[in-house]
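A short worksheet on the structure shown next.
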Amino acid sequence: MDGERIDALIAEASSRDAGFEEHALVVSALSIQVGRELQLTAGELELLEFAAAVHDVGKLSVAPSIIAKPGPLNDDEWTQMRRHPEAGADLLAPCAAPAEVLDVVRSHHEHWDGRGYPRGLKGDEIPLGARIIAAADAYCAMVEARPYRPPRRPAAARAELLAQAGSQFDAECARAAYRVTAAAG
Ligand SMILES: [Fe+2]
């Protein structure tokens, strides 16, 4: 695996979006906690940590004006934004990232009920790592401030995980993310 090239991708993404690395780190940390709660093996946890750190690297292929837009995206902007999971896998493939990681990156916006993107995968068709990152990413995004909204309180973000368990999120992953974030206070 070409670690230098991957680090360069992360550095480039961070230079374009100040919150990129911090968000990747918190998503990675929470994903690992959820993975442990679900009793993943050490090898699976290692792949999960790596996938979580690079899950959004495909945002490099999205126009910076869209990434930085301080408000909701219009339809054209969403179309571009929704390409970032595939774009991420395409950027990481030449770095010889493991196939499992490419698959997780490609699938991190799929929903358990099949209403996600890019492929509309359902349930177990979605790699477990992607189901874990989806729940962790959503929780972390909710408790972070955005230019157009304040952060949500952890209790409210946790409640949202449970509300979407079995529809947006794998219920087991959502409940595990609930437990580990509740235990953290
Ligand atoms: Fe993403």
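Coordinate-derived values only; no laboratory data. Treat the numbers as computed from the prediction; the structure is a model and nothing was measured. Don't worry about glycine lacking a Cβ; one is built from the backbone with ideal geometry, like all the others, and counts go over all protein chains shown.
Observations
- Test for G120: is it outside any helix (DSSP H, G or I), more than 11 Å from the ligand (Cβ to nearest atom), over 22 Å from A24 (Cα atoms) and of a type in the set (G, A, S): yes
- Scan of the range 98-117 for residues that are touching a residue at least 24 places away in the same chain (Cβ under 8 Å), part of a loop (DSSP other than H, G, I, E, B) and away from the ligand (no atom under 16 Å from the Cβ), ordered by number: P98, W112, D113
- Filtering the range 123-150 to residues that are within 19 Å of G58 (Cα to Cα), part of a loop (DSSP other than H, G, I, E, B) and touching a Gly at 6+ places or on another chain (Cβ under 9 Å) leaves only I126.
- Residues satisfying the stated conditions in the range 29-73, i.e. crowded, with 18+ Cβ neighbours inside 10 Å, under 20 Å from L91 (Cα atoms) and more than 13 Å from the ligand (Cβ to nearest atom): L47, L48, F50
- Test: G19 is buried (at least 21 other Cβ atoms within 10 Å of the Cβ) and within 14 Å of the ligand (Cβ to nearest atom): no
- Some residue of the range 81-88 being without any contact (Cβ under 8 Å) to a residue 12 or more places away in the chain and either exposed (fewer than 15 other Cβ atoms within 10 Å of the Cβ) or in a helix (DSSP H, G or I) (or both): no
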